[in-house]
Protein chains: 2
Amino acid sequence: MTELVSMSLSEAFDISLAVLEGNGFSRDHAEAIATVICDAQRDECHSHGLYRLLVCVRTMKTGIVDGKAKPEVFDHAPGIVRVDAKKGYSLLALNAGLSSLMEKARNNGIAAMAIQNCFHFSALWPEVEKLAEAGLAGLAMNPSHSWVAPAGGRAPLLGTNPFAFAWPRPGSEHFVFDFATSAVARGEIELHSRAGTPISQSVAIDRNGNPTTDPGAALAGAMLPFGGHKGSALSLMIELLAGPLIGDLTSSESKALDGGIDATPMHGELLIAIDPKRFTDEPVRHSERAEALFNAVVAQGARLPSQRRYEARRRTLSTGHVSIPTALYNDICALLA
Amino acid sequence: MTELVSMSLSEAFDISLAVLEGNGFSRDHAEAIATVICDAQRDECHSHGLYRLLVCVRTMKTGIVDGKAKPEVFDHAPGIVRVDAKKGYSLLALNAGLSSLMEKARNNGIAAMAIQNCFHFSALWPEVEKLAEAGLAGLAMNPSHSWVAPAGGRAPLLGTNPFAFAWPRPGSEHFVFDFATSAVARGEIELHSRAGTPISQSVAIDRNGNPTTDPGAALAGAMLPFGGHKGSALSLMIELLAGPLIGDLTSSESKALDGGIDATPMHGELLIAIDPKRFTDEPVRHSERAEALFNAVVAQGARLPSQRRYEARRRTLSTGHVSIPTALYNDICALLA
């Protein structure tokens, strides 16, 4: 039984803003972060919801992040917008570059945005969803900290490296997915560690490279990628495209920089935006063929990605309220003191 | 014990050319196809090697493919080259558009090529490897025939939908991967069916949606995606980007068009090319950071993707000869009559 506190979405936003502004974030950063945190809470993504306020403040207190950094946008090439986050959080940098990314995608058909030197905690689905809202398809990816061994390996090297994609569905909930390329989330192993329960088979190895279901041994060893050598290859692609390609850190470089303080990771992010209207002369007809594909998925009893999240969103929007554990609420209020 | 016939690479090319030209392919198509078939044989990818001559000729004899089609290249948008293969095989269309794709990637930083209305049998690694040889990173993907159920579903809807990626490694074997988003290759299930041996757990379901290790039941039912809902999401992305986005067929539309004759599938393909020199001012330094990542993979005893294929390539190039089963050789020679 967990005691809960219910609050309206606007109360959640106001508290988030107050916590962030009261702990060293500029108004601009606080608004960008509070928006995404409240969007995640609305969709009942608790790990990226109001809980993250604690992590943001903890990271700020380490002194490594610049809470007032002003991101700088560079029109780097006809198909590339580059945003230097200047050691601030990624979200203000994302917002700063987004309209240029969209414009370039509409002009060229395809364009990329590189966000550099950013502290990054957020899920990628809100970012690609913004592209879908603008009628664009989008991909997003970033490294994290080196917690994952490559397939066939025995030591941490890759990040949990999320990969997200969105396809616009005008008048409907967009087709969006966002998954970690690790077999499970690191937070899931940490929860098992605290509860003293075993983790699943085939998601981690111990310090000697042997399979383990002991969460402590897994945290001291390495997580494994999802899907064997295929997931591992995908994770390496993400390291390359959101790391060396854009002149930013790999997951092992980011982990080394962190130096064990366990703050929000600093690294880069790559987004790719694609305009379906530029690819064919009949985007509406072909969009209907995509709808037929989605309908065929649902008709056979399978779920579309994000379906559960959209159901949560509808629930929240019907009441206008979100709920969080009272203990978390108290921890957040303590940051207002 | 399989009896083998050994031949030089140039003999393999000449035989391929003669078979294709003798069975309705124009010189241009025959050269493009023979090159890729011999590259695959060189790398000991037997399923995409000389064996494919039999499939190409069988498909040609159905009358659905135009062996003399002249692909038409359209400068569709600043970041998009579109090639209409006009119901010919994909490879001549690829070659026709490749220089424009590279030029657009170098100008803009990122660009896409849509190949439309093509019959497609080839592995994608030779295509992204060509981009890497030109100093570009590349992605390629295409649908196939609807043999794969979405995660949580019970009926075939998605293709085996390959996804390939290359990263240029100047002076070295490029970082290349190319994997099907199905848990295993369809050919592997067919081999088990012929041998009467069971398939692995969790790679297929029967006609009623229940897990099966019976290859016959799997072929009548559906294959499963690799990596559960994550691989399934990736496969859906490929359907969308190499299907409706470019105005071409999804895997289930392609299968319906085939009408059970089991020829090479007709559909589209999407390639994305990225120029690392356009993303940072220090591409060489960042390329060295990518090398450090590759070295860290190998140092812990893991393999880089394609490592086995590159080893086969080195073996073949050291002797200059490839070997194929005598029975296959005889079947190929019969096509010369």
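For a quick check of your reading of the model, give me the residue pairs whose first member lies in segment B:267-294 and is free of Cβ contacts under 8 Å to residues at least 40 places away in the same chain, whose second is part of a helix (DSSP H, G or I) and aliphatic (A, V, I, L, M), with beta-carbon atoms closer than 8 Å and at least 6 apart or on different chains.
Short answer, once both residue conditions are applied: B:280/A:245; B:280/A:246; B:286/A:245; B:293/A:236; B:293/A:240.
Among the residues of segment B:275-331 satisfying the criterion of being within 11 Å of chain A (Cβ to nearest Cβ) and acidic (Asp, Glu), which is nearest to the chain's Cα centre (by Cα)?
B:275
How about segment B:100-120: which of its residues are of a type in the set (A, V, I, L, M, F, W, C) and in contact with a helix residue (DSSP H, G or I) (Cβ under 6 Å, 6 or more places away or on another chain)?
B:111, B:113, B:114, B:115, B:118
Matching residues to (1) within 12 Å of chain A (Cβ to nearest Cβ); (2) closer than 22 Å to residue A:234 by Cβ:
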{"residue": "B:206", "(1), (2)": "no, no"}
{"residue": "B:209", "(1), (2)": "yes, no"}
{"residue": "B:222", "(1), (2)": "yes, no"}
{"residue": "B:234", "(1), (2)": "yes, yes"}
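Residue B:315 versus (1) part of a loop (DSSP other than H, G, I, E, B); (2) modelled with pLDDT of 95 or more: which is the lone unmet condition?
Failing condition for residue B:315: (1).
Considering only segment B:2-31, state which residues are part of a helix (DSSP H, G or I) and aliphatic (A, V, I, L, M).
B:9, B:12, B:15, B:17, B:18, B:19, B:20, B:30
What number goes with the only condition from (1) of a type in the set (Lys, Arg); (2) under 30 Å from residue B:109 (Cβ atoms); (3) in a loop (DSSP other than H, G, I, E, B) that residue B:82 does not pass?
Checking residue B:82 against (1) of a type in the set (Lys, Arg); (2) under 30 Å from residue B:109 (Cβ atoms); (3) in a loop (DSSP other than H, G, I, E, B), the one that fails is (3).
Would you check which residues across segment A:242-271 are more than 7 Å from every other protein chain (Cβ to nearest Cβ) and among the hydrophobic types (A, V, I, L, M, F, W, C) and list them?
Once the filter is applied, which keeps residues that are more than 7 Å from every other protein chain (Cβ to nearest Cβ) and among the hydrophobic types (A, V, I, L, M, F, W, C), segment A:242-271 yields A:242, A:249, A:256, A:257, A:261, A:263, A:266, A:270, A:271.
List the number of the failed condition for residue B:175; all other conditions in (1) more than 30 Å from residue B:314 (Cβ to Cβ); (2) within 9 Å of chain A (Cβ to nearest Cβ) hold.
(1)
Might you check whether a residue that is within 30 Å of residue A:241 (Cβ to Cβ), surrounded by fewer than 16 Cβ atoms within 10 Å (Cβ to Cβ) and in contact (Cβ under 8 Å) with a residue 12 or more places away in the chain occurs anywhere in segment A:18-28?
no
Taking residue A:187, is it under 18 Å from the mean Cα position of the chain (by Cα) and surrounded by fewer than 19 Cβ atoms within 10 Å (Cβ to Cβ)?
Judged against the criteria, residue A:187 is a match.
If residue A:292 passes every condition in (1) over 17 Å from residue B:235 (Cβ atoms); (2) part of a helix (DSSP H, G or I); (3) not β-branched (Val, Ile, Thr) but one, which one does it miss?
It fails just one condition, (1).
So which residues in segment A:113-159 are hydroxyl-bearing (Ser, Thr, Tyr) and away from chain B (no Cβ under 12 Å), if there are any at all?
Within segment A:113-159, A:122, A:144 meet the criteria.
Can you go through A:326, A:250 and tell me which one is modelled with pLDDT of 95 or more, surrounded by 20 or more Cβ atoms within 10 Å (Cβ to Cβ) and of a type in the set (S, T, N, Q)?
A:250
Count, please, the residues in segment B:53-82 that happen to be surrounded by fewer than 20 Cβ atoms within 10 Å (Cβ to Cβ) and within 14 Å of another protein chain (Cβ to nearest Cβ).
Total meeting the criteria: 3.
Failed condition for residue B:34, given (1) under 23 Å from residue A:281 (Cβ atoms); (2) part of a helix (DSSP H, G or I), with all others met?
Every condition holds for residue B:34 apart from (1).
Test residue B:199 against the criterion of being buried (at least 22 other Cβ atoms within 10 Å of the Cβ), of a type outside the set (Lys, Arg) and free of Cβ contacts under 8 Å to residues at least 60 places away in the same chain, and give yes or no.
Yes; evaluated as a whole, the condition is true for this residue.
Could you figure out which of (1) touching a residue at least 24 places away in the same chain (Cβ under 8 Å); (2) over 19 Å from the mean Cα position of the chain (by Cα); (3) closer than 23 Å to residue A:247 by Cβ isn't true of residue A:74?
Residue A:74 satisfies every listed condition except (1).
The values are calculated or read from the model by the stated rules, or taken from the named source; none is laboratory data. Everything numeric in this text was worked out from a predicted model, so none of it was measured. We place every Cβ from the backbone using ideal geometry, glycine too, and count neighbours over all the protein chains shown.
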